[in-house]
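Working notes, beginning with the structure itself.
The values are calculated or read from the model by the stated rules, or taken from the named source; none is laboratory data. For clarity, every value in this text was computed on a predicted model and none was experimentally measured. For neighbour counting, all protein chains shown are included, and Cβ atoms are generated from backbone atoms with ideal geometry for every residue, glycine included. These area figures cover heavy atoms from the full protein model, side chains too; ligands, DNA and RNA do not enter into them. Shrake-Rupley method; radii C 1.70, N 1.55, O 1.52, S 1.80 Å.
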Amino acid sequence: MKVYRAQEIMKSEEKVSVELNGVSVWIDSVDTEQETAKVHVEDRPADARVVPVDELQEVQ
């Protein structure tokens, strides 16, 4: 995924499915300079981590 798309998804009012290694995640924030995103698994918001944006995959 590209940084601009991760930002669009994060700001979207619609639910957009995103996966990290086959696991559904929510994007909490995006760092455009580092090209990373803070994400958490849907049912575990306290278990957030920072990952490279290019590891995220939008599910159509």
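Using r as the Cβ-Cβ distance of E14 and A48, and R0 as 22 Å, what FRET efficiency do you calculate, to the nearest 0.05? The partial results should precede the final answer.
Working: r = 22 Å, r/R0 = 0.99.
Calculated value: 0.50.
Round to a whole number: what % of the accessible area of the chain belongs to carbon and sulfur, probe 1.4 Å? All intermediate terms of the calculation are to be shown ahead of the outcome.
On the way: 1790 of 4290 Å².
That fraction is 42 percent.
Would you please calculate the Kirkwood hydrodynamic radius of the chain over all C-alpha pairs and express it in Å, rounded to one decimal? Could you put the intermediate results ahead of the total?
Working: mean 1/r = 0.0894 Å⁻¹.
Radius from the Kirkwood sum: 11.2 Å.
Mean residue ellipticity at 222 nm from the helices of the chain, using -39,500 (n - 2.57) per DSSP H segment of n ≥ 4 over the full residue count, to the nearest 500 deg cm²/dmol?
Values: 1 runs with 9 residues, N = 60.
Helix contribution divided over all residues of the chain: -4000 deg cm²/dmol.
Residues of the chain: accessible area per residue at 1.4 Å, in Å²? Kindly include the intermediate steps, with their values, before the conclusion.
Working: 4290 Å² over 60 residues.
Per-residue value: 72 Å².
Please report the antiparallel percentage of DSSP beta bridges with both residues in the chain, rounded to the nearest 5. If you can, show how the numbers build up before the last one.
Values: 17 of 17 bridges.
Antiparallel: roughly 100 percent of the beta bridges in the chain.
Taking the Cβ of Y4 as the centre, find all other residues whose Cβ is under 15 Å away and add up their charges (Lys, Arg: +1; Asp, Glu: -1). Show your work: numbers first, answer last.
On the way: positive: K2, R5, K11; negative: E8, D31, E33, E35, D54, E58.
Value of the local net charge: -3.
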